[in-house]
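A.B. asks: My questions will all concern the structure given below.
The values are calculated or read from the model by the stated rules, or taken from the named source; none is laboratory data. Just so we're clear, the structure is a prediction, and the values are computed from it rather than from any experiment. Using ideal geometry, Cβ is built from the backbone for each residue, glycine included, and neighbour counts are taken over all protein chains shown.
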Amino acid sequence: MAVAPEACRSCGAPLAPGSLACTECHALTHAPRLEELAASARGHEESRELAAARSDWQAALDLLPDESSQAAWVRAKLAELARAGAKPAKSDPPAWTRKLGPLAPVAVLLVKGKLFLSLLKLPFLLSFASFAALYWALYGLDFGVGIAVLILVHEAGHFIEVRRRGLKADLPMFIPGFGAFVRWTAAGVTPQARALVSLAGPLAGAAGAAFCAWIGQQTHEHVWLALASFSAFINVMNLIPVWQLDGGQAITAIDRIGRIAIALAAVLLAAWLSQPMLLLVAGGAVYRAFDKPVQALGPSGHGITAYFIILVAALGYLSSLAPLGAPAR
């Protein structure tokens, strides 16, 4: 059994002996050890060392509260590994495919076509299509579909970062008129890892906005600059460090000094770029700096602070390239 800290790493509240989660902020007591076990288990899974993977996941389960969603996910993973261990080894391709010569691989793929069809998730496709259709109807084809694609790029940033860490994530779901989200499983994830997943969306959004700005400068078509500006604005709003916004999730890995630094940087950038919306980021950072005890998190927290400020600066600049709003139809 891993040794439990005396205080919560996330909020600094004292922990009762043997507790598996903080009673104040509900952070997992053994989050660093859980992340180590999850990484080890995923490595064993990739090497098909299923017994070792089950051992790691079982050790992780012992460090999770029984009623937590993370524990339920690990139990499901253990059941999945148990089923995988019971399956017979893959057989050779059917004998009839040998008669097809070089076309045999194509035939096998067609027989197993459900693997490819599974990539076409109907809820994702329908939600994205309805989202794009709404903005197409409101703002015309170019701007409406363009902004839908840019929001998809933002969500893809979250999705890729989650999957890169070997965690489970669903394809993005779009809610017409509101936005989109990626549902993912955060079993044993530390505040630092959660922050990096949260900031991956605005990072991808900034890249998409920068691409649109570059196209606009090359073609001199205003719609591209409008897309860059509006997409950057949406991503800045997501960086306000409150609620369940990306900034609100990322700020948990940043100490009080870092939060104050973000606030000061946002104020200076708002004045320099003439973008008053950045003051919302500043206000949120000030609020989060004093709303509850904040524990110093060391060098990793400082790196995330710098990452956050760079994103605010880049998105603030991109948002200043054109007046907010869709171009005239």
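A.B. asks: Would you mind stating whether Ala180 is assigned to a helix (DSSP H, G or I), over 30 Å from Leu63 (Cβ atoms) and not aromatic (Phe, Trp, Tyr)?
C.D. replies: Working: assigned to a helix (DSSP H, G or I): no; over 30 Å from Leu63 (Cβ atoms): yes; not aromatic (Phe, Trp, Tyr): yes.
Spelling it out, it is not the case that Ala180 is assigned to a helix (DSSP H, G or I), over 30 Å from Leu63 (Cβ atoms) and not aromatic (Phe, Trp, Tyr).
A.B. asks: Can you tell me which residues in the stretch 163-177 are assigned to a helix (DSSP H, G or I) and either within 14 Å of Pro202 (Cα to Cα) or out of contact with any strand residue (DSSP E or B) (no Cβ under 6 Å at 6 or more places or on another chain) (or both)?
C.D. replies: Let us first name the residues in the stretch 163-177 that are assigned to a helix (DSSP H, G or I), namely 163-164.
Arg164, the sole residue that qualifies.
A.B. asks: Specify which of the listed residues (Arg48, Arg98, Arg33, Arg9) is charged (D, E, K, R) and at pLDDT 80 or above.
C.D. replies: Going through Arg48, Arg98, Arg33, Arg9 in turn, just one is charged (D, E, K, R) and at pLDDT 80 or above: Arg33.
A.B. asks: Could you check the stretch 232-268 and list, in sequence order, the residues that are free of Cβ contacts under 8 Å to residues at least 12 places away in the same chain and within 13 Å of Gly201 (Cα to Cα)?
C.D. replies: Leu245
A.B. asks: Collect the residues in the stretch 267-278 that are assigned to a helix (DSSP H, G or I) and farther than 29 Å from Arg183 by Cα, keeping them in residue-number order.
C.D. replies: We begin by selecting, within the stretch 267-278, every residue assigned to a helix (DSSP H, G or I); these are 267-273, 278.
Result: Val267, Leu268, Leu269, Ala270, Ala271, Trp272, Leu273.
A.B. asks: Now for a separate question. What do you reckon, is Ala60 under 24 Å from Pro191 (Cα atoms), touching a residue at least 40 places away in the same chain (Cβ under 8 Å), under 24 Å from the mean Cα position of the chain (by Cα) and not assigned by TED's automatic domain parsing to the domain that holds Arg164?
C.D. replies: Working: under 24 Å from Pro191 (Cα atoms): yes; touching a residue at least 40 places away in the same chain (Cβ under 8 Å): yes; under 24 Å from the mean Cα position of the chain (by Cα): yes; not assigned by TED's automatic domain parsing to the domain that holds Arg164: yes.
Yes, satisfied.
A.B. asks: Filter the stretch 256-274 down to residues that are closer than 13 Å to Phe290 by Cβ and crowded, with 19+ Cβ neighbours inside 10 Å and give me whichever is modelled with the highest pLDDT. Outline the logic, then answer.
C.D. replies: Within the stretch 256-274, the first condition is being closer than 13 Å to Phe290 by Cβ, and the residues that meet it are 256-257, 259-260, 263.
Cutting the leftovers down to crowded, with 19+ Cβ neighbours inside 10 Å gives us 259, 263.
Numbers: Arg259: 92, Ala263: 95.
Top of the filtered list is Ala263.
A.B. asks: Which residue out of Ala209, Ala250 is touching a helix residue (DSSP H, G or I) at 6+ places or on another chain (Cβ under 9 Å), within 19 Å of His26 (Cα to Cα) and in a helix (DSSP H, G or I)?
C.D. replies: Working: Ala209 fails: within 19 Å of His26 (Cα to Cα).
Result: Ala250 is the single residue among Ala209, Ala250 that is touching a helix residue (DSSP H, G or I) at 6+ places or on another chain (Cβ under 9 Å), within 19 Å of His26 (Cα to Cα) and in a helix (DSSP H, G or I).
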